[in-house]
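Read through the structure below, which is laid out as structure tokens, and then see the notes.
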Amino acid sequence: MVRVKLITGRTIEQGQNLENKLSEEYQKVVAVCELSEDDMKAVGVSEGNNVKVKTQFGEVVVVAKKADGNPQGIAFIPMGPWANAVVGGDTGGVGMPQFKGIDAEIERTSENVPSVRELLKSLGV
């Protein structure tokens with residue numbers, strides 16, 4: 001297990017698949033957690049292994065992806081249902097939830113990455 005600061009944001013691939021949110025392609029580009037090589041070693045995973053991301057707001061299983069540009073201690077999940085599962089809904093009166101700097105724990109898991117439908121059902125949506 002490793003503790004990180006989680007950030008989320010838009011990606012080109014995520015944006016290109018917005019019209020196909022139920023597709024396998026959308027899941028491949030959005031249900032990922034980008035980690036530095038050092039953080040991947042600390043978790044004991046290789047690219048393509050599943051990891052569980054836990055925050056005070058929830059937890060989700062996604063695929064580990066090596067990100068050469070991420071500094072150690074920073075994890076990135078593209079905006080989408082998987083990121084939303086671990087981001088709080090409080091907007092602090094500004095209408096936008098906190099998408100950056102969320103304390104998170106990441107651990108290796110043998111659990112499967114849920115599909116969009118499975119994830120939304122588990123969240124009660």
Under 5 Å from the placed amide H of M79, counting only residues 5+ away or on other chains, we find G9, R10, T11
Quickly rank 28-41, 52-65 as a protection proxy: mean count of other C-beta atoms within 10 Å, highest first.
-> 28-41, 52-65
Under the Karplus relation 6.51 cos²θ - 1.76 cosθ + 1.60, θ = phi - 60°, what is the ordered set of whole-Hz ³J(HN,Hα) values for the range 108-125, x standing for Gly and Pro?
-> 5, 8, 9, 5, 7, 6, x, 5, 4, 4, 4, 5, 4, 5, 5, 8, x, 9
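Considering only the other residues whose Cβ falls under 10 Å of the Cβ of P71, what net charge follows from Lys and Arg at +1 and Asp and Glu at -1?
-1
A short reminder: the numbers here are calculations on the coordinates, not readings from a lab. These numbers were taken from a predicted model, which means no experiment stands behind them. Quick reminder, even Gly has a Cβ in these numbers, built from the backbone with ideal geometry, and neighbours come from all protein chains shown.
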